[in-house]
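K.L.:
Okay, handing you the structure first.
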Amino acid sequence: MSQYISTIQQESDPIKKANLLKSLHEDHDITYNVIASELEMSPAYISNYLRLLRLPALVLDGYYTGTISLTHLFILARIKDQDRIISLYEEILTKGLSALDLEELVRNILFATVSKGDPIGTEVRKAIERKFKAIDSEVDVKVIQTRIKSKIVLEVKGNRLRTNEFLRKLSEE
């Protein structure tokens, strides 16, 4: 197995690397977790490479001719529908989409969202924290905002008497 691992580590062609990973798994019955461990990589690293194997030949040709980047390939490989991949590939070619632009398109497809607007500012974030701290000064408030969702995490430490008091006050606000 060490020879295979060494070959995989030295391989620069992503499709050949993906085929080596698949072969090591299928021909030698080694789990992807073990392979990832031997490569000192995460299982997600292995999965990303394996997804490249389902890309249409047309898209792979685009990579080998230098029309699109490896990053484009990894992003396109997140889509399962072959026709959709080809459609996105054509959009890359016609509109000159960067990997960042493609990432947003794929995210919108996968999560049925559209990234619009800017993140909230520090003042708004602090105002939200002040509102909850006014109820209980010891509450931990975290405002988390990504391109596809936002959440406010409140953490109140203490026994149920303490946390019930906070929740009651919160319900009255």
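The values are calculated or read from the model by the stated rules, or taken from the named source; none is laboratory data. These figures come from a predicted structure and were not determined experimentally. Reconstructed Cβ throughout: ideal geometry from the backbone, glycine too, with neighbour counts over all protein chains shown.
K.L.:
Check off (1) assigned to a helix (DSSP H, G or I); (2) out of contact with any Pro (no Cβ under 8 Å at 6 or more places or on another chain); (3) among the hydrophobic types (A, V, I, L, M, F, W, C); (4) under 21 Å from LEU73 (Cα atoms) for LEU52 and give me the number that stays unchecked.
P.N.:
So LEU52 meets the others, but not (2).
K.L.:
Another one. Counting only residues that are under 17 Å from the mean Cα position of the chain (by Cα) and not basic (Lys, Arg), how many does the range 51-97 have?
P.N.:
10
K.L.:
Being of a type in the set (D, E, K, R) and free of Cβ contacts under 8 Å to residues at least 12 places away in the same chain, is that true of even one residue in the range 41-59?
P.N.:
No, the range 41-59 contains no residue that is of a type in the set (D, E, K, R) and free of Cβ contacts under 8 Å to residues at least 12 places away in the same chain.
K.L.:
So, in the range 60-72, exactly how many residues are more than 13 Å from LEU93 (Cα to Cα) and either in contact (Cβ under 8 Å) with a residue 24 or more places away in the chain or not assigned by TED's automatic domain parsing to the domain that holds SER47 (or both)?
P.N.:
Number of matching residues: 3.
K.L.:
Going by the structure shown, is LEU102 in a helix (DSSP H, G or I) and either surrounded by 14 or more Cβ atoms within 10 Å (Cβ to Cβ) or among the β-branched types (Val, Ile, Thr) (or both)?
P.N.:
Criteria met by LEU102.
K.L.:
Being hydrophobic (A, V, I, L, M, F, W, C) and closer than 21 Å to LYS80 by Cβ narrows it down to one of LEU21, LEU39, so name that one.
P.N.:
Details: LEU39 fails: closer than 21 Å to LYS80 by Cβ.
When all the criteria are applied, what remains is LEU21.
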